[in-house]
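This report refers to the structure that appears directly beneath it.
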Amino acid sequence: MAILNRKSPWEKEWKNLQAKENKFTARRMEGPTSVLVGKLDRFVPDKLTSTLNAAFFKGFSLIFEKGTGVIEKTYNKERKEKDFQINTYATELGADKRSVRSFTRQARAAKKVNLLVSSVEGIGLGLIGAGVPDIPLFIAMVLKSVYEIALSYGYRYDTEEEKVFILKLIQVAMMDGEEFQAANEEFNQLIEEIVEDGDSMEGYRVNKIEQMRATSEALSAEMIYTKFLQGQLIIGIAGGIFDPIYVNRISDYAVLKYRRRFLRSKEQQGLF
C-alpha cells in the first residue's frame, strides 16, 4: 500500500497563505471601500485632493523623521523581538502546525489592538469635524500596526530601504480592481527578488521621496470622500468610522506580504 506524501507544516502554512491572498484579492476586485460615499463627488472641493496629498506626504515626512521613536513607545519592541526568537526556536526544535502558525498569530494579535485604538481616534475626531488634522494620527496608527507585524516575522523597519518597502505596501493595499491585481503581482515579484537576494533590501533602490508621493496619492484617492465627511462637524463620525476600516485593510495586507516574505525565506532555507 502506497504511503501518502504528507505536506510539511511549512507547506500547509504556504497553502493557507495563498488562500488568504486569493480572498483578499477577491475583495479588492469588488471596488473601492468608499464607493457608498462616492456620491458626494459634486460636494467635494476641487482643491481637497491636493490638500490631502500634501497632508499625507507631510505626515509621512514628519513621522519618518521624528516619530518612529514615539511610535515605539506605544509597544514593547524588545518583547516582540524576543517573542519572535522564541517562536523561531520552537520551530527549530520541531516544526508543527502550532509552532509554525505562531508568527501569524502574533501579527494578528497586534493588528486587533491597533484596530481598536484607531476606531476611537477616527470616530472621536470625526465628532468634532477634524478630517485633515486627523491624518498624522491615522498615519501613525497605520505605521504602528505595520511595524508590529514586521517584528512578528523578524523584520526591521528602520532602514531607508525598508521604509520604501512599507510605503509601497501601503500604496498597493489602497488600490482596487485591476490596478490592485497588477500592482499586487508586481509586489509579489519584488518580494521574490528580495528573498533571492538573501532577504536583503540592500539591492532595492527606489527614491523614498517619490514613493512617499505615490503612497500619499493612493491614500488620498481612496479616502477623499471619507476625509471630506470627517471634516464636517457632528456628521464627521460617518467619515471617522472609515479610519479603522482602512487601518484594518492595510494591516491585513501587511500580514499577507510579510508572511509571504517570511515563508519564501524559509523555503530558501530548504525547510519546504
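The values are calculated or read from the model by the stated rules, or taken from the named source; none is laboratory data. Nothing here was measured: the structure is a model prediction, and the numbers come from that model. Counting neighbours? That spans all protein chains shown, and the Cβs are built from the backbone with ideal geometry, glycine included. Surface accessibility is based on the protein's heavy atoms, side chains included, excluding ligands, DNA and RNA. Shrake-Rupley method; radii C 1.70, N 1.55, O 1.52, S 1.80 Å.
Tabulated values for the structure
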| item | result |
| --- | --- |
| Any hit, the range 121-128, residues being modelled with pLDDT under 95, charged (D, E, K, R) and touching a Phe, Trp or Tyr at 6+ places or on another chain (Cβ under 9 Å) | yes |
| Residue ID - nearest to the chain's Cα centre (by Cα), chosen from residues in the range 149-207 that are basic (Lys, Arg) and surrounded by fewer than 19 Cβ atoms within 10 Å (Cβ to Cβ) | Arg156 |
| Unmet requirement for Asn114, which otherwise passes all of (1) open to solvent by 10 Å² or more (accessible area, probe 1.4 Å); (2) modelled with pLDDT under 95; (3) within 17 Å of Ile250 (Cβ to Cβ) | (1) |
| Every pair of residues 6+ apart whose Cβ atoms lie under 9 Å, when the first sits in the range 193-212 and is over 30 Å from Ala54 (Cβ atoms) while the second is open to solvent by 90 Å² or more (accessible area, probe 1.4 Å) and in a helix (DSSP H, G or I) | Val195/Gln268; Glu196/Gln268; Gly198/Gln268; Asp199/Gln268; Gly203/Glu193 |
